[in-house]
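Structure first, then comments.
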Amino acid sequence: MSKQEITNEQIMFLKSILLSQLLLEANECLVTTDRYKQDLKNQGNRMIKILEPIVRESFDVVYESDPMMTTNILNKVDSLINRIAKLKTIEEVVILEAIVEKYENNKEWFMTYAESEFLKID
């Protein structure tokens, strides 16, 4: 299959559905707390039902273009969100933000010297 160009709009839709799903999963972790409300889950599910048909077509194009890369991106976003959620102090958040800013200002250095790993999907 020939590779199709992935548009910014398709990436935005994919990001939206992914983050919405991650929000639902994160809220499931709150079930045992006294602040959890079933309505919270219901609202999230409604949002997913509205977004999913809109996103499905774009997601399929992105996924069909490069299934391995799409899966790896989804896994990396999930991993990054989990790491951010585990930060315990504002100082850690500030340090992480500074690292991201340094990356944005010097991407070439990071691409040369910082290792990044994508796993091959069987």
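Flag set for residue 74, criterion: out of contact with any Phe, Trp or Tyr (no Cβ under 8 Å at 6 or more places or on another chain), under 21 Å from residue 114 (Cα atoms) and modelled with pLDDT under 90. Would you mind stating whether residue 48 is modelled with pLDDT under 80, in contact with a Ser or Thr (Cβ under 7 Å, 6 or more places away or on another chain) and part of a loop (DSSP other than H, G, I, E, B)? Answer is no for this residue. Take the conditions (1) assigned to a helix (DSSP H, G or I); (2) closer than 25 Å to residue 25 by Cα; residue 87 misses just one of them, which is (1). Taking residues in the stretch 100-122 that are closer than 17 Å to residue 77 by Cβ and at pLDDT 70 or above, and partners anywhere that are in a loop (DSSP other than H, G, I, E, B) and small (Gly, Ala, Ser), the pairs with Cβ atoms closer than 9 Å and at least 6 places apart or on different chains are 103/114.
The values are calculated or read from the model by the stated rules, or taken from the named source; none is laboratory data. Not measured: the values here are computed from a predicted model. FYI the Cβ positions are ideal-geometry reconstructions off the backbone, even for glycines, and counts take in every protein chain you see.
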